[in-house]
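The values are calculated or read from the model by the stated rules, or taken from the named source; none is laboratory data. Everything numeric here is computed off the predicted structure, so don't read it as measured data. We place every Cβ from the backbone using ideal geometry, glycine too, and count neighbours over all the protein chains shown. What goes into the accessible areas is simple: the full protein's heavy atoms, side chains included, and nothing from ligands, DNA or RNA. Shrake-Rupley method; radii C 1.70, N 1.55, O 1.52, S 1.80 Å.
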Amino acid sequence: DGTPRLHTLFNCYMTVLSNISPYIKGWDKVSAMRLLSLFNRFSGRRFLSAAENNNQYIFFLLDVFNNAIQYQYEGNAPLVYGLCVEDQMVRRLVQLEFEDVVLTSPRQAESNGVGHGGPAGSDGAKTSEVEPAQPHFQPTREWFESWKSRLATGALVRMLDTLVPKVSALCTKEGGPPPEHELLQFIRNSTMVGLLPVPHPIVIRRYQPNHYTTIWFTTYTWGVIFLRNQDASIWDANKIRLFTINVIPNS
């Protein structure tokens with residue numbers, strides 16, 4: 001989740017990931033696990049219902065996954081394998097109903113006597129971990145249908161329907177599951193030609209500046225200027241308010 005001060009930059013970060021994803025030859029295992037962790041976080045019912053625009057992050061991640069399997073499939077075996085292992089996350093999103101979102105929304109939880117730090121919701125996220133962007137947002141069916149019907153999950157589900165049974169069969173055969181590198185090689189050798197739809201056109205999302213990213217870039221820029229002008233300092237460090245200065249004593 002990171003520090004709450006970074007939440008306003010999620011859109012910027014996710015836009016960058018979405019834009020570069022068609023050109024990444026391969027996500028390594030650690031990066032793939034981080035992407036899946038983000039998907040689990042952002043597709044959680046409680047997170048989706050916490051603010052009106054929280055669903056936008058799911059579209060970014062679906063772009064990343066679809067670009068990986070349609071444009072760089074062979075090099076993304078770790079990500080494909082992770083999706084096969086965690087396929088229920090994708091199916092949970094596909095099967096999500098409006099009633100599920102309403103029953104796990106923060107306001108509904110409060111009306112049921114669940115406060116901050118209370119029991120985990122159906123997606124395993126505690127109330128204290130919910131985005132506080134719009135505390136008075138109340139999900140409606142129109143809001144839910146406006147984004148749920150546009151989720152591009154068709155290629156992912158088709159790939160999972162094909163690969164998950166094969167991977168499961170390999171893992172349950174006599175003698176125990178094969179080493180992970182053999183599973184990855186099996187995925188690389190599995191062709192998706194004729195199974196996946198025609199690759200969609202690559203969509204580049206344009207950066208939309210906002211108040212929060214402007215503040216972040218301004219702070220970062222002046223921070224760099226400050227750090228690179230220490231030899232002949234022109235600053236009074238005690239009067240700087242734009243960013244925090246931590247002085248580390250020489251050992």
Report summary line: Largest-first ranking of 27, 216 by accessible area, probe 1.4 Å, whole protein assembly kept, is 216, 27
Query raised in the report: Per residue, what volume in Å³ does the Cα convex hull of the range 21-67 take up?
Result: 58
Report summary line: For the range 147-187, the accessible surface attributable to carbon and sulfur atoms (probe 1.4 angstrom, ligands and nucleic acids excluded) amounts in percent to 55
Query - Stretchable slack from residue 208 to residue 145, in nm (0.36 nm times residue separation minus alpha-carbon distance) - result: 20.2 nm
Query - Rg ratio (alpha-carbon, reference 2.2 N^0.38 Å) - the range 1-83 - result: 1.09
Report task. Calculate the spin-label point distance for residue 191 paired with residue 74, positioning each point 7 Å from the Cα along the beta-carbon direction, and give it in nanometres. Result -> 1.2
Report task. Can you tell me which of 62-70, 169-177 comes out highest on packing, and rank the rest after it, using the mean Cβ neighbours within 10 Å? Result -> 62-70, 169-177
